[in-house]
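J.: Attaching a single structure in structure tokens format; questions to follow.
The values are calculated or read from the model by the stated rules, or taken from the named source; none is laboratory data. Computed from a predicted model, the values in this text were never measured in an experiment. Don't worry about glycine lacking a Cβ; one is built from the backbone with ideal geometry, like all the others, and counts go over all protein chains shown. These area figures cover heavy atoms from the full protein model, side chains too; ligands, DNA and RNA do not enter into them. Shrake-Rupley method; radii C 1.70, N 1.55, O 1.52, S 1.80 Å.
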Amino acid sequence: MSDAAILAAQVAALVILILVNTYYLSRRNRKKDHALAVTGKALDATVQFLQAMNELPLGLPAQDLQEHLWNRLQDILRPMRIRSRLWLLDVGWKTLRGVGPLAGQKVTSQHLPMGACPALSGKRSFQHTRGKNEPCASEQFTYGKHLCIPLVDGRESFGVLFLAADSPKPWDAQELHLFNVLSQSIALSLQRRSMFDKLQEKISELHFSFEVGTSALSAFDGSTQSLKETTDHILDAVLSVLKVDRVSFMEWHEDEKVLMTRCTRGEKSAEHIPLRLAWGEGIAGWTLQTGEAYWAESAMGDPHFSRGQNELASLLCVPVYSMTREPLGVINAVMLHQTRHFSIREIQFLTNLSRLAGLAIENARLHHNSRENIHHLNEVNKLKSEFLSLVSHDLRGPLTGIRGFAEILKQQTMGPLRPAQMEMLDQLERQVEHQERMVDDLLDLARMEKGRLSVFPTETDFMQLLKEEIDNASITAKERGITLNLEKHRTLSLSKVLLDAGRLRQVVWNLLNNAMKFTPEGGQVTLKVAADHDNLLIEVHDTGAGLSSETLEKVFERFFQVTPGGSKGAQGLGLGLTICREIVQAHGGKIHASSSGIGKGTCIRFSLPLKNTIGQDVAA
Amino acid sequence: MESGYKHLPMKSTTETSPTIEQTVATNKAAESIDVRPKILIVDDDPVVRRIILELLNARYQVFLASTGVQLPDLLHKHMPNLVILDVMLPWINGFELCRIIKTEFQEESMPVLFLTGCKEKEDLLTGKEVGASGYLTKPFYAKDLYKEVERLLAA
């Protein structure tokens with residue numbers, strides 16, 4: 001071989017070497033460039049992705065957010081010829097729900113069982129390459145390869161990111177890295193969303209609790225008012241908390257054994273046709289029978305729904321019982337147009353409220369009854385007072401006539417009278433006076449029932465008053481053979497005492513006549529007066545029938561009568577001492593009765609406080 | 001006699017005239033011009049009217065009416081020296097009548113005496129308030145009536 005040839009060969013070898021080298025170098029660079037590009041793209045994509053997610057409003061409905069996530073994903077992955085799909089956990093349905101449309105799907109279902117994808121349960125990526133292993137159930141198209149990456153943030157799983165491409169060539173590390181970054185970004189967005197949802201939930205729970213509290217209070221608020229107001233309050237509380245279309249209260253009528261609509265509140269409550277259900281009939285009747293809340297999302301299709309009820313979508317019923325577990329009725333919460341799933345929390349709320357409602361309704365009923373009773377009693381009392389006034393007025397009318405004509409006769413202008421006739425006329429007049437006093441007693445009783453009997457004190461010569469009353473009584477005393485005494489103790493002048501003269505006359509007259517009534521012939525009735533600087537003391541003492549210790553306590557009670565053995569029997573109305581006590585008390589005084597026992601006489605003693613300016617000391 | 005409820009107001013005037021005639025007729029001793037003091041009584045109870053008439057007839061000229069419906073006319077016609085009023089009267093009660101008298105006859109000396117079954121302190125106070133000069137309650141004693149009438153006519 002020539003040197004030249006060797007050289008040429010060497011050069012050629014070198015060139016080849018260089019070329020090979022260059023080729024390899026450039027290829028390595030290209031690979032590096034590719035890796036760099038992929039990494040850069042991933043970075044860009046992540047930044048863009050996160051930015052886009054950040055711009056979304058927090059309150060965006062979950063479904064819209066998921067659509068957005070998928071769209072962004074598509075923007076990044078479509079240029080790389082990668083198909084993607086989000087399989088997200090649906091807690092309510094306990095499935096994986098597909099987000100993002102795919103043409104030519106193998107499986108048309110948008111829902112997969114939770115265990116369908118090994119990536120979710122294993123929390124690890126699952127990779128399928130055609131010919132190497134079986135595809136997972138989330139693959140709904142025939143791809144060359146697919147990759148499932150769990151969407152996990154911390155401990156929380158949100159679902160699976162499904163990626164697929166036609167080429168069976170495995171993804172390289174950079175691509176896998178990009179996918180991981182994307183999946184983490186998605187998980188982050190979903191987690192943010194879920195936290196927001198939880199916060200919302202907490203807020204609404206708080207709000208709900210607050211409203212429950214308020215409604216509980218307001219349920220009781222009306223219970224001192226009428227039954228209608230009470231139930232209205234309760235129903236309004238239900239309306240505001242549950243946000244249903246209409247609520248009604250059906251009352252259980254024990255006597256007729258029917259459940260009838262009592263109050264309706266909310267939408268078109270006026271158009272609501274009142275219901276009449278038997279025990280156990282319809283959803284409300286069933287609720288009352290079982291004693292538990294009952295709800296039907298689709299009410300008209302419910303087996304307990306009875307025909308003839310009003311059109312409605314969803315229904316929640318709770319029974320209302322009294323404290324003693326007697327059925328009071330049913331509260332119905334109704335959705336009229338859209339069906340609604342009532343949450344456990346809402347059902348519990350209504351169940352709790354129904355207990356309060358039971359209390360409130362019972363309370364209102366009691367109030368109503370007692371108010372009615374009080375009203376009735378007041379009416380009766382008023383009637384009685386009116387009757388008394390009328391009767392006493394009408395009783396007095398004829399007395400005017402009797403006395404008037406007696407006096408005319410006594411004037412003898414119609415002709416002379418014999419002494420016996422004259423005496424009879426005197427008797428007649430005294431009977432009139434007695435009758436008049438009794439009528440006055442009746443009137444006084446009517447006054448006492450209206451309030452306190454009022455007294456109008458004026459300056460009075462008290463001794464003169466007593467003397468006149470003794471004089472008046474002496475005629476009766478003489479007739480009955482009773483000795484009347486007036487005793488004055490101590491040396492106080494009683495010529496200017498401040499008291500109601502008419503009323504005091506009434507007291508003295510009553511006491512004297514009472515004493516004479518129960519004193520046998522030959523007995524004595526003594527009126528004693530004494531005074532010191534502070535009090536005027538008056539005592540009426542007799543030697544008559546006396547009182548037992550039990551009757552002593554009762555003599556001042558209204559209509560109390562003593563019918564002692566051998567006496568003429570009860571006379572009068574049994575009001576005299578009651579009125580005496582009232583008059584004495586109206587003067588600020590005290591009265592009490594004492595007796596040494598049956599047959600040993602009675603003593604009624606009263607004291608009146610003397611005002612300083614009235615009583616005057618006089619030398620004996 | 002009936003209670004005057006249904007027959008008024010005509011009854012009151014018709015009843016008034018015969019009463020006067022009767023009064024005059026029964027006092028033949030009186031001169032053609034009667035100078036005795038004149039008393040007008042308004043009471044719806046005929047028994048009460050009769051009794052007052054019997055009690056006062058001998059010494060006074062008595063005019064009777066069962067309601068106060070035509071009271072102003074009667075007052076102008078007879079110009080009584082004293083008016084005795086019941087309180088519970090149909091249509092216009094005694095207190096109202098007293099008020100009317102006090103406003104219409106301010107100049108004249110026309111004292112008003114209530115003679116009534118109303119014994120409430122409030123009624124007594126009302127009587128005073130409307131300008132009455134006396135207050136007697138039914139059933140009344142003749143001596144009390146004489147005393148009050150004399151006192152008021154002397155004033």
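J.: What is the magnitude of the charge dipole of region A:393-465 about its Cα centre, with +1 placed on the Cβ of each Lys and Arg, -1 on the Cβ of each Asp and Glu, and no other charges, expressed in debye to the nearest 20? Mind showing how you got there, number by number?
T.: Details: 9 positive and 13 negative charges, 36 e Å.
Charge dipole of region A:393-465: 180 debye, to the nearest 20.
J.: Also: Report, as a whole number in µm² per second, the diffusion coefficient that Stokes-Einstein gives for chain A at 20 °C and 1.002 mPa s using the Kirkwood radius over alpha carbon pairs. Walk me through the numbers before you get to the answer.
T.: Details: Rh = 36.1 Å.
In µm²/s, the coefficient is 59.
J.: As I understand it, the dipole of region A:1-136 uses +1 on the Cβ of Lys and Arg and -1 on the Cβ of Asp and Glu, about the Cα centre. Which of A:A35, A:L25, A:N133 lies farthest toward its positive end?
T.: Checked the options; the winner is A:N133.
J.: For the pairs A:K41/A:K145; A:K384/A:K517; B:K77/B:K121; A:K410/B:K102, flag any whose C-alpha to C-alpha distance is greater than 26 Å. All intermediate terms of the calculation are to be shown ahead of the outcome.
T.: Values: A:K41/A:K145 22 Å; A:K384/A:K517 29 Å; B:K77/B:K121 34 Å; A:K410/B:K102 36 Å.
Pairs exceeding the cut-off: A:K384/A:K517; B:K77/B:K121; A:K410/B:K102.
J.: What's the average, rounded to a whole number, of partner chain beta-carbon atoms within 10 Å of each residue's beta-carbon in B:114-120?
T.: Values: counts 0, 1, 1, 9, 3, 8, 4.
The shielding value for this peptide is 4.
J.: In addition: What ranking, highest mean first, results for peptides A:314-322, B:120-128, A:575-583, A:458-466 when packing means the other Cβ atoms within 10 Å averaged over each residue?
T.: Working: A:314-322: 24.6, B:120-128: 15.3, A:575-583: 22.9, A:458-466: 16.9.
Order by mean packing, descending: A:314-322, A:575-583, A:458-466, B:120-128.
J.: What is the calculated FRET efficiency for A:R605 to A:K450, with r their C-beta to C-beta distance and R₀ = 30 Å, to the nearest 0.05? Intermediate results must be reported in sequence, preceding the final value.
T.: Numbers: r = 29 Å, r/R0 = 0.96.
Rounded to the nearest 0.05, the efficiency is 0.55.
J.: Here's a follow-up. If you count, for every residue in A:395-405, the Cβ atoms of partner chains within 10 Å of its Cβ, what is the mean?
T.: Values: counts 1, 6, 7, 3, 4, 11, 8, 2, 6, 13, 4.
Averaged over the peptide's residues, the number is 6.
J.: Name the residues whose placed amide hydrogens come within less than 5 Å of the amide hydrogen of A:S322, ignoring near sequence neighbours (fewer than 5 apart) on the same chain.
T.: A:L328
J.: When the chain is fully extended, how far beyond the present Cα-Cα distance does A:H592 get from A:Q421, taking 0.36 nm per residue of separation?
T.: Numbers: separation 171, 0.36 × 171 = 61.56 nm, distance 4.22 nm.
Length difference between fully extended and current span is 57.3 nm.
J.: Let me ask something additional. For the residue pair A:K478 and A:D90, what label-to-label distance in nm results when each label sits 7 Å from Cα along the Cα-to-beta-carbon direction?
T.: 11.8 nm
J.: A further question on this structure: Give the residue list of trypsin sites (Lys or Arg not before Pro) in region A:372-471 that are DSSP loop and have at most 12 other beta-carbon atoms within 10 angstrom.
T.: Numbers: sites: A:K382, A:K384, A:R396, A:R403, A:K410, A:R430, A:R437, A:R447, A:K450, A:R452, A:K467; in loops: A:R452.
Of the trypsin sites (Lys or Arg not before Pro), the ones in loops of region A:372-471 whose Cβ has at most 12 other Cβ atoms within 10 Å are A:R452.
J.: Just add up the charged neighbours of A:L60: K/R +1, D/E -1, any other residue whose Cβ is under 12 Å from the Cβ of A:L60.
T.: On the way: positive: A:R192, A:R193; negative: A:E55, A:D64, A:E67, A:D197.
Charge balance near A:L60 sits at -2.
J.: To the nearest 0.05, how large is the calculated FRET efficiency for A:E326 and A:Q348 if R₀ is 22 Å and r is the Cβ-Cβ distance? Before the final figure, lay out the partial values.
T.: Values: r = 23 Å, r/R0 = 1.05.
Step by step, r from the Cβ atoms, then E = 0.45.
J.: Here is a follow-up. Measure off 7 Å from each Cα along the Cα-to-Cβ vector at A:Q200 and B:A154, then give the distance between these two points in nanometres to one decimal.
T.: Simple spin-label model gives 10.4 nm for this pair.
J.: Per residue of region A:341-351, in order, report the coupling 6.51 cos²θ - 1.76 cosθ + 1.60 (Karplus, θ = phi - 60°) as ³J(HN,Hα) in whole Hz, putting x for Gly and Pro.
T.: Calculated HN-Hα couplings, in order: 8, 7, 7, 3, 4, 5, 5, 5, 4, 5, 5 Hz.
J.: Still on this structure: Quick one: helix A:462-480 against the long Cα principal axis of chain A, what's the angle to the nearest 10°, folded into 0 to 90?
T.: The angle comes out at about 70 degrees.
J.: Place a +1 charge on the Cβ of each Lys and Arg in the protein assembly as shown and a -1 charge on the Cβ of each Asp and Glu, then give the dipole magnitude about the Cα centre in debye, rounded to the nearest 20. Intermediate values should be presented prior to the final figure.
T.: Numbers: 87 positive and 92 negative charges, 737 e Å.
Approximately 3540 debye in magnitude.
J.: For the interface of chains A and B, what total accessible area is buried with a 1.4 Å probe, rounded to the nearest 100 Å²?
T.: Working: alone 34420 and 8450 Å², together 41020 Å².
Looking at A and B, the buried total is near 1800 Å².
J.: Points 7 angstrom from Cα along the Cβ direction at A:E372 and A:H341: gap in nanometres?
T.: The answer from the label model is 4.7 nm.
J.: Are there any GluC sites (Glu not before Pro) in region A:114-176 that are in a DSSP loop and have at most 13 other Cβ atoms within 10 Å? List them by number. Write out the running numbers ahead of the final one.
T.: Values: sites: A:E139, A:E156, A:E175; in loops: A:E139.
Nothing satisfies the criteria.
J.: Moving to a separate point now. Name the residues of region B:54-77 whose accessible area, probed at 1.4 Å, falls by at least 30 Å² once all protein chains are in place instead of their chain on its own?
T.: So the qualifying set is B:E54, B:L55.
J.: Using a probe of 1.4 angstrom, how much of the accessible area of the protein assembly as shown is carbon and sulfur, in percent?
T.: Numbers: 22970 of 41020 Å².
About 56 percent, which is the carbon plus sulfur part of the accessible surface.
J.: Still on this model: Going Cα to Cα from A:K590, which aspartates and glutamates come in below 17 Å? Please leave out same-chain ones fewer than 8 positions away.
T.: Within the straight-line cut-off, A:K590 pairs with A:D500, A:D532, A:D534, A:E539, A:E553, A:E557, A:E582.
J.: Kindly identify region A:61-193 as rounded, prolate or oblate by the Cα gyration tensor criterion: order the square roots of the eigenvalues as a ≥ b ≥ c, call it rounded if a/c is under 1.5, otherwise compare a/b with b/c, prolate if a/b is larger, else oblate. Don't jump to the answer; show the numbers that get you there.
T.: Values: a/c = 1.39, a/b = 1.25, b/c = 1.11.
Verdict is rounded for region A:61-193.
J.: While we're here: Kindly report the accessible area of chain A per residue (heavy atoms of protein chains, probe 1.4 Å, no ligands, DNA or RNA), in Å². Intermediate values should be presented prior to the final figure.
T.: Numbers: 33500 Å² over 620 residues.
Roughly 54 Å² per residue, with all protein chains present.
J.: Using r as the Cβ-Cβ distance of A:L537 and A:Q412, and R0 as 41 Å, what FRET efficiency do you calculate, to the nearest 0.05?
T.: On the way: r = 45 Å, r/R0 = 1.11.
Computed FRET efficiency for A:L537 and A:Q412 comes out at 0.35.
J.: Continuing with this model, one more query. Using Cα-Cα distances under 8 Å and only pairs 6 or more residues apart, what relative contact order does chain A have, in percent? Display every interim value, and only then the final one.
T.: Working: 951 pairs, mean separation 42.3, N = 620.
Relative CO of chain A lands at 7 percent.
J.: How far, in nm, would the chain grow between A:A4 and A:K467 when pulled straight, counting 0.36 nm per residue and subtracting the alpha carbon separation? Mind showing how you got there, number by number?
T.: Working: separation 463, 0.36 × 463 = 166.68 nm, distance 18.08 nm.
Gain on stretching A:A4 to A:K467: 148.6 nm.
J.: Also, quick follow-up: Quick one: accessible surface of A:W286, probe radius 1.4 Å, all protein chains present, in square angstrom to the nearest 10.
T.: For A:W286, solvent-accessible area is about 80 Å².
J.: Could you run the Karplus curve 6.51 cos²θ - 1.76 cosθ + 1.60 with θ = phi - 60° over region B:132-139 and give me ³J(HN,Hα) per residue in whole Hz, x for Gly and Pro?
T.: Each residue of region B:132-139 in turn: 6, 9, x, 8, 10, 10, 8, x Hz.
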